[in-house]
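Structure first, commentary second.
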Amino acid sequence: MLVTTDLTIRFGGHVAVDHVSCTFEAGTLTAIVGPNGAGKTTYFNLISGQLRASEGRVALKGEDITALPAPLRTRKGLGRAFQLTQLFPNLTVQENVRLAVQAREQGRGHHAIDLWHVWLDRKAWIDEARSILDSVRLDDKRDAHASALPHGDQRKLEVAMLMALDPLVYMFDEPTAGMSVDEVPVVLDLIRQLKARKDRLILLVEHKMDVVRELSDRIVVLHNGQLVADGEPATVIASPVVQQAYLGMAAEEPA
(Lines give C-alpha, C1' and ligand atoms only; values in the text may rest on other atoms or scores of the structure.)
Protein backbone atom coordinates (compact mmCIF):
# COMPACT_ATOMS: atom_id res chain seq x y z
CA MET A 1 0.00 0.00 0.00
CA LEU A 2 2.74 2.48 1.01
CA VAL A 3 6.51 2.45 0.58
CA THR A 4 9.15 4.93 1.69
CA THR A 5 12.59 4.47 0.19
CA ASP A 6 15.64 6.19 1.72
CA LEU A 7 13.37 9.03 2.85
CA THR A 8 15.56 11.87 4.11
CA ILE A 9 15.24 15.52 5.05
CA ARG A 10 17.93 17.97 6.13
CA PHE A 11 17.51 21.29 7.87
CA GLY A 12 20.86 22.94 7.35
CA GLY A 13 23.39 20.55 8.81
CA HIS A 14 20.80 18.61 10.80
CA VAL A 15 19.41 15.38 9.34
CA ALA A 16 15.94 15.05 10.88
CA VAL A 17 14.97 11.88 8.99
CA ASP A 18 17.86 9.79 7.74
CA HIS A 19 17.30 7.34 4.85
CA VAL A 20 14.24 5.62 6.31
CA SER A 21 12.93 2.75 4.17
CA CYS A 22 9.70 0.96 5.12
CA THR A 23 6.97 -1.02 3.38
CA PHE A 24 3.45 -0.91 4.84
CA GLU A 25 0.70 -3.37 3.91
CA ALA A 26 -3.08 -2.87 3.86
CA GLY A 27 -4.97 -4.34 6.79
CA THR A 28 -2.24 -3.53 9.29
CA LEU A 29 -1.63 -0.95 11.99
CA THR A 30 1.95 0.18 12.44
CA ALA A 31 2.95 2.26 15.46
CA ILE A 32 5.85 4.65 14.93
CA VAL A 33 7.54 5.37 18.24
CA GLY A 34 10.67 6.96 19.62
CA PRO A 35 11.84 9.61 22.08
CA ASN A 36 11.06 13.28 21.62
CA GLY A 37 12.98 14.65 18.64
CA ALA A 38 13.37 11.21 17.06
CA GLY A 39 11.80 12.34 13.77
CA LYS A 40 8.38 10.67 14.04
CA THR A 41 6.21 13.66 13.10
CA THR A 42 8.76 14.81 10.53
CA TYR A 43 8.56 11.35 8.91
CA PHE A 44 4.77 11.71 8.87
CA ASN A 45 5.13 15.17 7.27
CA LEU A 46 7.34 13.72 4.54
CA ILE A 47 4.82 10.97 3.79
CA SER A 48 1.78 13.26 3.73
CA GLY A 49 3.52 16.07 1.82
CA GLN A 50 3.73 18.81 4.44
CA LEU A 51 7.50 18.68 3.91
CA ARG A 52 9.49 18.05 0.72
CA ALA A 53 12.12 15.32 1.03
CA SER A 54 15.79 16.12 0.50
CA GLU A 55 16.28 12.57 -0.78
CA GLY A 56 14.29 9.40 -1.26
CA ARG A 57 10.78 8.67 -2.45
CA VAL A 58 7.25 7.89 -1.34
CA ALA A 59 5.04 5.48 -3.30
CA LEU A 60 1.32 4.82 -2.79
CA LYS A 61 -0.06 1.66 -4.38
CA GLY A 62 2.96 1.57 -6.66
CA GLU A 63 2.67 5.20 -7.80
CA ASP A 64 5.52 7.59 -7.03
CA ILE A 65 3.93 10.56 -5.22
CA THR A 66 7.16 12.15 -3.98
CA ALA A 67 6.71 15.30 -6.09
CA LEU A 68 3.02 15.79 -5.25
CA PRO A 69 1.93 18.52 -2.78
CA ALA A 70 -0.15 17.57 0.25
CA PRO A 71 -3.62 18.28 -1.28
CA LEU A 72 -2.94 15.98 -4.24
CA ARG A 73 -1.61 13.26 -1.93
CA THR A 74 -4.87 13.54 -0.01
CA ARG A 75 -6.82 12.99 -3.22
CA LYS A 76 -4.66 9.96 -3.96
CA GLY A 77 -5.69 8.46 -0.61
CA LEU A 78 -3.47 9.74 2.20
CA GLY A 79 -5.48 10.96 5.20
CA ARG A 80 -3.75 12.78 8.04
CA ALA A 81 -4.77 13.83 11.54
CA PHE A 82 -2.35 16.20 13.28
CA GLN A 83 -1.01 16.67 16.80
CA LEU A 84 -2.76 20.06 16.80
CA THR A 85 -6.33 19.94 15.55
CA GLN A 86 -6.97 21.27 12.03
CA LEU A 87 -10.62 22.37 11.91
CA PHE A 88 -12.82 25.09 10.42
CA PRO A 89 -13.37 26.87 13.76
CA ASN A 90 -16.20 29.19 12.66
CA LEU A 91 -18.29 26.44 11.06
CA THR A 92 -20.54 24.03 12.88
CA VAL A 93 -19.46 20.52 13.78
CA GLN A 94 -21.77 19.10 11.10
CA GLU A 95 -20.51 21.50 8.43
CA ASN A 96 -16.91 20.48 9.14
CA VAL A 97 -17.72 16.85 8.44
CA ARG A 98 -20.12 17.63 5.57
CA LEU A 99 -17.38 19.56 3.78
CA ALA A 100 -15.03 16.59 4.15
CA VAL A 101 -17.66 14.27 2.65
CA GLN A 102 -18.28 16.74 -0.18
CA ALA A 103 -14.55 17.12 -0.88
CA ARG A 104 -14.20 13.33 -1.13
CA GLU A 105 -17.10 12.95 -3.54
CA GLN A 106 -16.14 15.87 -5.75
CA GLY A 107 -12.54 14.67 -5.76
CA ARG A 108 -13.82 11.40 -7.19
CA GLY A 109 -15.56 13.28 -9.99
CA HIS A 110 -19.10 13.22 -8.58
CA HIS A 111 -20.19 16.66 -9.72
CA ALA A 112 -23.77 17.89 -9.57
CA ILE A 113 -25.23 18.80 -12.97
CA ASP A 114 -28.47 20.60 -12.00
CA LEU A 115 -30.31 22.04 -9.00
CA TRP A 116 -32.10 18.73 -8.33
CA HIS A 117 -28.80 16.88 -8.09
CA VAL A 118 -27.35 19.69 -5.98
CA TRP A 119 -30.16 19.18 -3.47
CA LEU A 120 -29.89 15.38 -3.51
CA ASP A 121 -26.11 15.46 -3.16
CA ARG A 122 -26.22 17.93 -0.28
CA LYS A 123 -28.84 15.82 1.52
CA ALA A 124 -26.71 12.70 1.06
CA TRP A 125 -23.61 14.51 2.33
CA ILE A 126 -25.48 15.77 5.41
CA ASP A 127 -26.90 12.30 6.12
CA GLU A 128 -23.44 10.75 5.93
CA ALA A 129 -22.00 13.49 8.12
CA ARG A 130 -24.70 12.82 10.73
CA SER A 131 -23.91 9.10 10.66
CA ILE A 132 -20.20 9.73 11.14
CA LEU A 133 -20.84 12.20 13.97
CA ASP A 134 -23.00 9.61 15.67
CA SER A 135 -20.16 7.07 15.49
CA VAL A 136 -17.81 9.49 17.28
CA ARG A 137 -20.54 10.50 19.75
CA LEU A 138 -20.79 14.09 18.57
CA ASP A 139 -24.23 14.07 16.96
CA ASP A 140 -25.73 15.95 19.90
CA LYS A 141 -23.21 18.76 19.27
CA ARG A 142 -23.61 18.96 15.49
CA ASP A 143 -24.93 22.56 15.57
CA ALA A 144 -22.16 23.89 17.81
CA HIS A 145 -19.26 25.81 16.32
CA ALA A 146 -16.06 23.76 16.20
CA SER A 147 -14.24 26.48 18.16
CA ALA A 148 -16.69 26.06 21.05
CA LEU A 149 -15.89 22.38 21.57
CA PRO A 150 -13.64 21.25 24.41
CA HIS A 151 -10.29 19.85 23.33
CA GLY A 152 -11.33 16.21 23.54
CA ASP A 153 -14.34 16.78 21.30
CA GLN A 154 -12.19 18.70 18.81
CA ARG A 155 -9.93 15.64 18.58
CA LYS A 156 -12.96 13.45 17.93
CA LEU A 157 -14.19 15.88 15.28
CA GLU A 158 -10.87 15.71 13.47
CA VAL A 159 -11.11 11.90 13.45
CA ALA A 160 -14.65 12.24 12.08
CA MET A 161 -13.39 14.46 9.24
CA LEU A 162 -10.67 11.95 8.46
CA MET A 163 -13.25 9.16 8.35
CA ALA A 164 -15.38 11.27 5.99
CA LEU A 165 -12.47 11.45 3.54
CA ASP A 166 -12.30 7.62 3.57
CA PRO A 167 -8.59 7.48 2.68
CA LEU A 168 -6.55 4.39 1.82
CA VAL A 169 -4.02 5.35 4.50
CA TYR A 170 -5.05 6.75 7.89
CA MET A 171 -2.25 8.66 9.61
CA PHE A 172 -2.90 9.44 13.27
CA ASP A 173 -0.38 11.64 15.07
CA GLU A 174 -1.00 11.16 18.81
CA PRO A 175 -4.80 10.96 18.41
CA THR A 176 -5.46 10.73 22.16
CA ALA A 177 -3.23 13.65 23.20
CA GLY A 178 -4.99 15.94 25.65
CA MET A 179 -8.07 13.75 25.94
CA SER A 180 -9.63 12.74 29.23
CA VAL A 181 -9.59 9.13 30.39
CA ASP A 182 -13.27 8.80 29.51
CA GLU A 183 -12.80 10.11 25.96
CA VAL A 184 -9.82 7.97 24.92
CA PRO A 185 -11.78 4.68 24.46
CA VAL A 186 -14.05 6.30 21.85
CA VAL A 187 -11.13 7.16 19.57
CA LEU A 188 -9.42 3.81 20.15
CA ASP A 189 -12.63 1.95 19.28
CA LEU A 190 -12.87 3.92 16.03
CA ILE A 191 -9.29 3.01 15.14
CA ARG A 192 -10.06 -0.65 15.87
CA GLN A 193 -13.05 -0.48 13.53
CA LEU A 194 -10.93 1.02 10.75
CA LYS A 195 -8.29 -1.66 11.29
CA ALA A 196 -10.94 -4.40 11.06
CA ARG A 197 -11.79 -3.36 7.50
CA LYS A 198 -8.55 -5.00 6.26
CA ASP A 199 -8.48 -2.83 3.12
CA ARG A 200 -6.96 0.21 4.78
CA LEU A 201 -3.54 0.98 6.24
CA ILE A 202 -3.19 2.73 9.59
CA LEU A 203 -0.06 4.52 10.77
CA LEU A 204 0.01 5.71 14.36
CA VAL A 205 2.45 7.97 16.18
CA GLU A 206 1.79 7.45 19.87
CA HIS A 207 3.70 7.90 23.14
CA LYS A 208 1.33 5.81 25.28
CA MET A 209 2.84 2.34 25.21
CA ASP A 210 -0.33 0.68 26.50
CA VAL A 211 -2.11 1.99 23.39
CA VAL A 212 0.77 0.84 21.16
CA ARG A 213 0.76 -2.67 22.65
CA GLU A 214 -3.00 -3.01 22.32
CA LEU A 215 -3.48 -1.75 18.77
CA SER A 216 -0.34 -2.34 16.76
CA ASP A 217 0.59 -5.27 14.53
CA ARG A 218 4.06 -3.82 14.08
CA ILE A 219 6.28 -1.23 15.70
CA VAL A 220 8.79 0.96 13.88
CA VAL A 221 11.25 2.78 16.14
CA LEU A 222 13.01 5.98 15.13
CA HIS A 223 15.94 7.46 17.03
CA ASN A 224 17.88 10.53 15.90
CA GLY A 225 16.05 10.30 12.58
CA GLN A 226 17.15 6.75 11.88
CA LEU A 227 15.16 3.52 11.86
CA VAL A 228 16.61 1.46 14.73
CA ALA A 229 14.02 -1.30 15.12
CA ASP A 230 11.13 -2.73 13.09
CA GLY A 231 9.04 -5.80 13.83
CA GLU A 232 6.36 -7.44 15.95
CA PRO A 233 5.49 -5.48 19.11
CA ALA A 234 6.73 -8.00 21.68
CA THR A 235 10.07 -8.44 19.91
CA VAL A 236 10.66 -4.73 19.36
CA ILE A 237 9.66 -3.70 22.88
CA ALA A 238 12.05 -6.28 24.35
CA SER A 239 15.02 -5.27 22.18
CA PRO A 240 17.94 -3.61 24.02
CA VAL A 241 18.17 -0.74 21.54
CA VAL A 242 14.53 0.20 22.17
CA GLN A 243 14.85 -0.15 25.93
CA GLN A 244 17.81 2.22 25.88
CA ALA A 245 16.61 4.69 23.23
CA TYR A 246 12.96 4.97 24.16
CA LEU A 247 11.29 2.74 26.71
CA GLY A 248 13.97 3.15 29.31
CA MET A 249 13.49 6.94 29.16
CA ALA A 250 9.77 6.51 29.81
CA ALA A 251 9.89 3.57 32.20
CA GLU A 252 8.98 5.66 35.22
CA GLU A 253 6.30 7.66 33.45
CA PRO A 254 2.64 6.69 33.97
CA ALA A 255 0.99 4.86 31.07
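The values are calculated or read from the model by the stated rules, or taken from the named source; none is laboratory data. What you see is a predicted model; the values in this text were computed from it and never measured. Because the Cβ atoms are built from the backbone with ideal geometry, glycine has one as well, and the counts that use them run over all protein chains shown. For the accessible areas, the whole protein counts, side chains as well, though only heavy atoms, and no ligand, DNA or RNA atoms are used. Shrake-Rupley method; radii C 1.70, N 1.55, O 1.52, S 1.80 Å.
Find me the longest stretch of the chain that has none of the exposed GluC sites (Glu not before Pro), where exposed means in a DSSP loop (not H, G, I, E or B) with at most 14 other Cβ atoms within 10 Å.
Values: sites that count: 25, 252.
Counting only loop sites that pass the neighbour cut-off, the longest clear stretch is 26-251.
With all protein chains present, how much of the accessible area of the chain (probe radius 1.4 Å) comes from carbon and sulfur, to the nearest whole percent?
Values: 6420 of 12110 Å².
Heavy-atom surface of the chain belonging to carbon and sulfur, 1.4 Å probe: 53 percent.
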Counting only protein heavy atoms and leaving out ligands, DNA and RNA, the solvent-accessible surface of residue 42 at a 1.4 Å probe, in Å² to the nearest 10, equals 30 Å²
Report, please, the projected area of the stretch 1-50 averaged over directions, based on the convex hull of its C-alpha atoms, in nm².
3.8 nm²
Estimated inter-spin distance, residue 238 and residue 6, nm [label 7 Å along Cα→Cβ]:
3.5 nm
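Taking the Cβ of residue 215 as the centre, find all other residues whose Cβ is under 9 Å away and add up their charges (Lys, Arg: +1; Asp, Glu: -1). Mind dumping the intermediate values first?
Details: positive: 192, 195, 213; negative: 206, 214, 217.
Charge balance near residue 215 sits at 0.
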What are the lysines whose alpha-carbon lies under 20 Å from the alpha-carbon of residue 76, with same-chain residues fewer than 8 places away excluded?
61, 195, 198
Note the full-extension length gain between residue 72 and residue 90 as 0.36 nm times their separation in residues minus their Cα-Cα distance, in nm to one decimal.
4.0 nm
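If eta is 1.567 mPa s and T is 4 °C, what Stokes-Einstein diffusion coefficient results for the chain, Kirkwood Rh from Cα pairs, in µm²/s? Can you show the working numbers first?
On the way: Rh = 19.1 Å.
Value of D from the Cα-based Kirkwood radius: 68 µm²/s.
Mean Kyte-Doolittle hydropathy of -1.0 or higher plus an axial Cα length of 27 Å or more: which whole DSSP H helices in the chain meet both? Before the final figure, lay out each step's value.
Numbers: long enough: 115-135 (30 Å, -0.30).
Helix filter hits for the chain: 115-135.
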In terms of Cα to Cα distance under 14 Å, which aspartates and glutamates are near enough to residue 123, apart from those fewer than 8 places away along the same chain?
95, 105
Quick one: what do you get for the stretch 127-255 if you divide its Cα Rg by 2.2 N^0.38 Å?
1.18
Quick one: 3J(HN,Hα) in Hz for the stretch 222-239, Karplus 6.51/-1.76/1.60 with θ = phi - 60°, rounded, Gly and Pro as x.
10, 8, 6, x, 10, 7, 10, 7, 7, x, 5, x, 4, 5, 5, 4, 7, 6
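Could you state the accessible area per residue of the stretch 135-255 in Å², with a 1.4 Å probe and every protein chain left in place? Walk me through the intermediate numbers first.
On the way: 5470 Å² over 121 residues.
That works out to 45 Å² for each residue.
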